[in-house]
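Have a look at the structure below before the remarks.
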Amino acid sequence: MRYIMATHNKDKIIEMSRIIEPLGIEAVTDRDLGLELPEVDETGTTFAENAYLKAASACEFTGLPAIADDSGIVVDALNGAPGVYSARYGGEGLDDKGRNRLLLSELDGVPREKRTAHYACAICCVFPDGRAPITAEGEMHGVIATDERGEGGFGYDPLFVVGDKTVAEMTAEEKDAISHRGNALRAFRDILKGELGL
Ligand code: ITT
């Protein structure tokens, strides 16, 4: 079966394809199909709700089973912010660098032991034949650094420390092996295997 990746985020497409292909799941983008997926209002209050909204829209639009990723960073000292609003943290005008600067300033003066955070990812797959959607979730725990380090990954990765490296200092393989997205997609594959014999 061929799946569409229901996302507009190029970095997610790179990571999702990289993780999904070796798991034996064939996934294409809207561009591969010569289409452009409509924008979806992410009105959910959880990662799982937003992943469902994006997958349902892409499935209806393309007629293919659709896999969406909703993800974000949850910072304990900020009571869970930015959370489901991670892509929009600080407003539409900010890019990744601006959001990272904002996060650093919000955590100014917070000591290392209180800078704990996790990345969360919900994967939802909606099928065109009406069978029940599949949802799987994954997390990666770490702490927020006091300055940016590394060139890899995307988004908040230069600030997110696991062990002695930021995620942006990890290789792709190192990130995928422990990431929220890797964990969620592997859990998704296991459910799919159980249901479809994949
Ligand atoms: P789509 O909705 O089109 O998939 P999006 O970027 O708007 O793209 P989300 O609403 O799920 O996606 O927001 C996810 C944000 O969380 C993303 O833009 C990053 O800022 C952050 N994020 C998620 N996973 C990340 C990762 O692996 N590394 C760094 N930042 C990540």
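Please indicate, with yes or no, whether at least one residue in segment 42-60 is β-branched (Val, Ile, Thr), under 20 Å from Asn183 (Cβ atoms) and at pLDDT 95 or above. Yes, segment 42-60 contains at least one residue that is β-branched (Val, Ile, Thr), under 20 Å from Asn183 (Cβ atoms) and at pLDDT 95 or above.
Within segment 17-48, if we keep just the residues that are assigned to a helix (DSSP H, G or I) and in contact (Cβ under 8 Å) with a residue 24 or more places away in the chain, the residue that is most open to solvent (accessible area, probe 1.4 Å) turns out to be Arg18.
Residue-by-condition table, conditions (1) closer than 30 Å to Gly163 by Cβ; (2) within 11 Å of the ligand (Cβ to nearest atom); (3) of a type outside the set (D, E, K, R); (4) within 13 Å of the chain's Cα centre (by Cα):
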position: Phe47; (1), (2), (3), (4): yes, yes, yes, yes
position: Gly63; (1), (2), (3), (4): no, no, yes, no
position: Val84; (1), (2), (3), (4): yes, yes, yes, yes
position: Lys97; (1), (2), (3), (4): yes, no, no, no
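Annotation note: Cβ proximity below 6 Å between a residue of segment 150-169 that is on the phi > 0 side of the Ramachandran plot and a residue that is open to solvent by 50 Å² or more (accessible area, probe 1.4 Å) and within 10 Å of the ligand (Cβ to nearest atom) (sequence gap 6+ or interchain) occurs for Gly155/Asp96.
Among the residues making up segment 51-78, those that are among the acidic types (Asp, Glu) and outside any strand (DSSP E or B) are Glu60, Asp76.
The values are calculated or read from the model by the stated rules, or taken from the named source; none is laboratory data. Predicted model, so just to flag it, every value in this text is computed and none were measured. Note that we place each Cβ from the backbone using ideal geometry, even for glycine, and neighbour counts take in every protein chain shown. The accessibility values were calculated without ligands, DNA or RNA, using every heavy atom of the protein model including side chains. Shrake-Rupley method; radii C 1.70, N 1.55, O 1.52, S 1.80 Å.
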